[in-house]
1. Are any residues in the range 133-147 buried (at least 18 other Cβ atoms within 10 Å of the Cβ) and either more than 26 Å from Q197 (Cβ to Cβ) or free of Cβ contacts under 8 Å to residues at least 40 places away in the same chain (or both), and if so, which ones?
2. Anything in the range 72-90 that is loosely packed, with under 13 Cβ neighbours inside 10 Å and assigned to a helix (DSSP H, G or I)? List them, or say none.
3. Against the definition (more than 42 Å from the chain's Cα centre (by Cα) and open to solvent by less than 20 Å² (accessible area, probe 1.4 Å)), how does V277 come out, yes or no?
4. What number of residues within the range 232-259 are acidic (D, E) and in contact with a Ser or Thr (Cβ under 7 Å, 6 or more places away or on another chain)?
5. Report every pair of residues separated by at least 6 positions or lying on different chains whose Cβ atoms are under 6 Å apart, first residue within the range 260-280 and outside any helix (DSSP H, G or I), second surrounded by 13 or more Cβ atoms within 10 Å (Cβ to Cβ).
6. State which residue pairs qualify: first residue over 22 Å from V374 (Cβ atoms) and inside the range 316-327, second residue open to solvent by 50 Å² or more (accessible area, probe 1.4 Å) and assigned to a loop (DSSP other than H, G, I, E, B) in any location, beta carbons under 9 Å apart, and separation of 6 or more residues or different chains.
7. Could you tell me whether L180 is under 37 Å from the mean Cα position of the chain (by Cα), at pLDDT 85 or above and either surrounded by 13 or more Cβ atoms within 10 Å (Cβ to Cβ) or part of a helix (DSSP H, G or I) (or both)?
8. Tell me, which residue of the range 91-103 that is open to solvent by 40 Å² or more (accessible area, probe 1.4 Å) and at pLDDT 85 or above is nearest to the chain's Cα centre (by Cα)?
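The values are calculated or read from the model by the stated rules, or taken from the named source; none is laboratory data. From a predicted model like this one, the values you see are computed outputs, not experimental measurements. Neighbour counts are summed over all protein chains in view; Cβ atoms, including those assigned to glycine, are modelled from backbone coordinates with ideal geometry. Ligands, DNA and RNA are stripped out before the accessible areas are found, and what is left, the full protein with its side chains, is counted by its heavy atoms. Shrake-Rupley method; radii C 1.70, N 1.55, O 1.52, S 1.80 Å.
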Amino acid sequence: MTIKKNCVAFDLRLAEMRAIAIKTSMTWFLWVNILFSLFILGRRYFAPIGVLTPSLHPAGLMEGMMVIILTLSAGVLFILRMAPLQNAPWLRSLARGVVVGLSLCWATCFYVLIASEDIRIIFPFAALLLFASLISLYFDPRVLLRFIVPVWVTILVTTLFHPTQLTVLSALQWVLLAGLIESGRRILNRWFILALQREQENADLIHQLGLLANKDPLTGLANRRSFEARMDQEIASHQQDGKGFGLIMLDVDHFKLYNDHYGHQQGDRCLIMITGVLESASRENEGIVGRVGGEEFVVLLPKADDSMVRSTAERISRMLESQAFAHALSPVSPHVTVSQGLTLWTQGQSPQSVIGCADKALYMAKLQGRNRWVEA
């Protein structure tokens, strides 16, 4: 069960980080698209002197695609920059959508270049563009494929229909490029997932340490530190609404004799049984149960009055009696019993004061013969 929960938590974290990463890396990727489109528009100025650039067919189509790329990239950059909520889900959907649009525009561009037999820049330019997409989108294979597949398929199909441009060397270089991109994607994605796994493991460790710091390892109840922090919260809350809360401190009667006679393992079973009784008896009043010592427990009853505290104490005694957990050496009863000290918090009392009142009532219950409750 724990493994499944951890897997679910990691899957959610992976999806969250992919959503954040695509928005973060999209800015750089859009700038790359702007620079590459400007290069294509001005390719004649970058050609070597004396080398003519073939005319494009159909005329104007590629320039139109470059204008669309410039408009899409600049527009999305502006939206990403000016959006009031930078973590809005629609921004991530916009980033994923623009990847498909840019890919179709570049696929059209390469189709025009191949159809016009302007093949000098196709391979180096496509390689740079695809590696740029790999660097930007490696963490999400689906988004990366949305960009690569239209470009790749267009180049492949168009080249097959122009046999004059299909040579063994050109086919080999495209295969090698595909292998490099796929192997690079796997390596980068593996590092990405490994980093997230390490982060998840650290988060789980911190969570476990937090549980150990705030919960009793045997019973799973709040320990003294955690219980006192919760009582501080209750006091702060009730100081505003003017209401009070009840507190019951309990001690297992003659628990040392029980341990000496039955052994510590059976003593642990006894404490676990008492934990179940306290949680069941106080559930009606939304009680919060804590273990503050070896055999000492405490129950906080939010928004409880005198009658609620007394009825809870009576339920505890009655339910514990019904368990009939044998205690052969107890001078009080043949079964396990508890002594209880009851008190109510009133305005102006500190946590130490209300705990002191309950502890004093518990002491009086012990003096009067145990297996009873006393109200302070």
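1. Matches in the range 133-147: F147 only.
2. F78, R81, M82, P89, W90
3. no
4. Matching residues across the range 232-259 total 2.
5. Within 6 Å, no pair qualifies.
6. So the pair list comes out as A324/P334; A326/P334.
7. The answer is yes for L180.
8. If we take residues in the range 91-103 being open to solvent by 40 Å² or more (accessible area, probe 1.4 Å) and at pLDDT 85 or above, then S93 is nearest to the chain's Cα centre (by Cα).
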